[in-house]
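Below is one structure, written out as C-alpha cells; the observations come after it.
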Amino acid sequence: MSSAVLRFAPSPNGHLHLGHAFSALFTETWARRLGAEFLLRLEDPDITRCKPEFAEAIYEDLHWLGLTWPEPVMVQSKRFPLYAAAADRLWARGLLYHCDCTRQEIAARSSGADPDGAPLYDGKCRVRGLTGGRPTQTRLDLTGALALTGPVTFTVGQPTPLDRPQIRYARPELWGDFVLQRKDTPTSYHLSVVIDDAAQNITQVTRGRDMEPATDIHVLLQMLLGLPQPLYTFHKLILGEDGRKLSKSKGSPSLRQLRASGETPDGLRARLGF
Ligand SMILES: [Zn+2]
C-alpha cells in the first residue's frame, strides 16, 4: 500500500443520489489504482440539517454499491473542540472577528455576490463593531489574512503522480470575510474540512467541479494554520435531466429509489462509466 490516502466525505442531510455515487466511485477507483487507502468521513457540522437516519442510509447505500472503508468513520459533529481550538489559533493572531449581522442586513447592504451567489459581506462588524445583544458568528479578516500569507497557490491534477499537475493561484478574496464559525456551532464547513483532511493525512482531495471556488478558501486556511496541502482533483458533475446539479435538481432519484426500482450495483457503475 502506498502512503496515499483519499476520502469520500458526504453530508448526512439527505439521501445519496447519482452525483454522490459518481464521486464515491471516482474516489474509490483512484484509491485502488494508486494502492491508496479509501476513507469515509461524515461531514455533519450543520447540526440543524444532518440526521442520524441519513448517516445510516449513507452506510447502507455505499455498502450496496460495493464500497468498503476502515472503521471507525470520522464524524465531524464529534470533533467540535478540535475545530474551536484551530479557530482559537487564528483568534490569537488577530485574524478573526465577531459579527452579529443577520442574513437580511447583509443582503440589504451588500453590493456583490460570492461564488456561491450569496451576498458578499461588507465588513461592517470589523469596521464599526457589533450591534450588541445578538448571537454572533466569526468571520475571517481576509485582507489581514492575505497580508500574512501573500499569494496562495495550490496544485490541481489527476490523483496520480504520473500526471503533470497544474499550479493555480487561489482567489479567496472573491468570498470576502467569510464565516469561519457559525452562530450555532464553533465551526463551518470550510474550517472542518481542512482540519480533517490534515488529521486523516489526505494526500489527494477528489471533489466535484462545483467545489473549485471553495477550494480557494481551503488552501488559504491550510496556509494560515500550517497544515499540509493535498493535491486537488475536480471531477465532472452528474447533472439532472433539467441540466442542473443533482442535489439542487428537483426530483432527482436517490440511490435507494433506484435500488427499489431494480437498479443493480453493476448496472449503476456501468451507467456512471466505472
Ligand atoms: Zn456583521
Considering only region 257-267, I want to know if a residue exists there that is over 22 Å from the mean Cα position of the chain (by Cα), crowded, with 16+ Cβ neighbours inside 10 Å and among the basic types (Lys, Arg). yes
Considering (1) within 12 Å of the ligand (Cβ to nearest atom); (2) surrounded by fewer than 12 Cβ atoms within 10 Å (Cβ to Cβ); (3) in a loop (DSSP other than H, G, I, E, B), say which one VAL127 fails and leave the rest. (3)
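Matching residues to (1) closer than 17 Å to THR185 by Cβ; (2) in contact with a Ser or Thr (Cβ under 7 Å, 6 or more places away or on another chain); (3) not charged (D, E, K, R):
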| position | (1), (2), (3) |
| --- | --- |
| PHE22 | no, no, yes |
| ARG32 | no, no, no |
| PRO45 | yes, yes, yes |
| HIS63 | no, no, yes |
| PRO72 | no, no, yes |
If you check every pair at least six apart or on different chains, which have Cβ atoms under 7 Å apart with a residue in region 65-84 that is modelled with pLDDT of 95 or more first and a residue that is among the small types (Gly, Ala, Ser) and in a helix (DSSP H, G or I) second? LEU65/ALA21; LEU65/ALA24; LEU67/ALA24; GLN76/SER192; TYR83/SER192
What tally of residues in region 212-239 results from selecting those that are assigned to a helix (DSSP H, G or I) and surrounded by fewer than 17 Cβ atoms within 10 Å (Cβ to Cβ)? 3
Determine whether THR143 is within 11 Å of the ligand (Cβ to nearest atom) and over 23 Å from MET211 (Cβ atoms). no
Could you check region 158-181 and list, in sequence order, the residues that are surrounded by 12 or more Cβ atoms within 10 Å (Cβ to Cβ), of a type outside the set (S, T, N, Q) and at pLDDT 95 or above? ARG168, ALA170, ARG171, PRO172, GLU173, LEU174, TRP175, GLY176, ASP177, PHE178, VAL179, LEU180
Name the single residue, out of those in region 130-149 being among the polar types (S, T, N, Q) and not in a helix (DSSP H, G or I), that is nearest to TRP91 (Cα to Cα). THR138
Answer yes or no: is there a residue in region 130-150 that is out of contact with any Leu (no Cβ under 7 Å at 6 or more places or on another chain), small (Gly, Ala, Ser) and at pLDDT below 95. yes
Cβ-Cβ below 7 Å, separation at least six or inter-chain, first residue in region 116-128 and under 21 Å from MET211 (Cβ atoms) and touching a residue at least 60 places away in the same chain (Cβ under 8 Å), second hydrophobic (A, V, I, L, M, F, W, C) and in a helix (DSSP H, G or I): which pairs? none
Given the conditions (1) under 19 Å from the mean Cα position of the chain (by Cα); (2) closer than 24 Å to LEU227 by Cβ; (3) charged (D, E, K, R); (4) surrounded by fewer than 16 Cβ atoms within 10 Å (Cβ to Cβ), and given that ASP88 satisfies all but one, which numbered condition is not satisfied? (1)
Count, please, the residues in region 60-105 that happen to be in contact with a Pro (Cβ under 8 Å, 6 or more places away or on another chain) and part of a loop (DSSP other than H, G, I, E, B). 3
Considering residues that are within 16 Å of the ligand (Cβ to nearest atom), under 17 Å from LYS183 (Cβ atoms) and touching a strand residue (DSSP E or B) at 6+ places or on another chain (Cβ under 9 Å), the number found within region 59-116 is 9
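The values are calculated or read from the model by the stated rules, or taken from the named source; none is laboratory data. Small disclaimer: the values here were computed from a predicted structure and weren't measured. Virtual Cβ from ideal backbone geometry, glycine too; neighbours counted across all protein chains shown.
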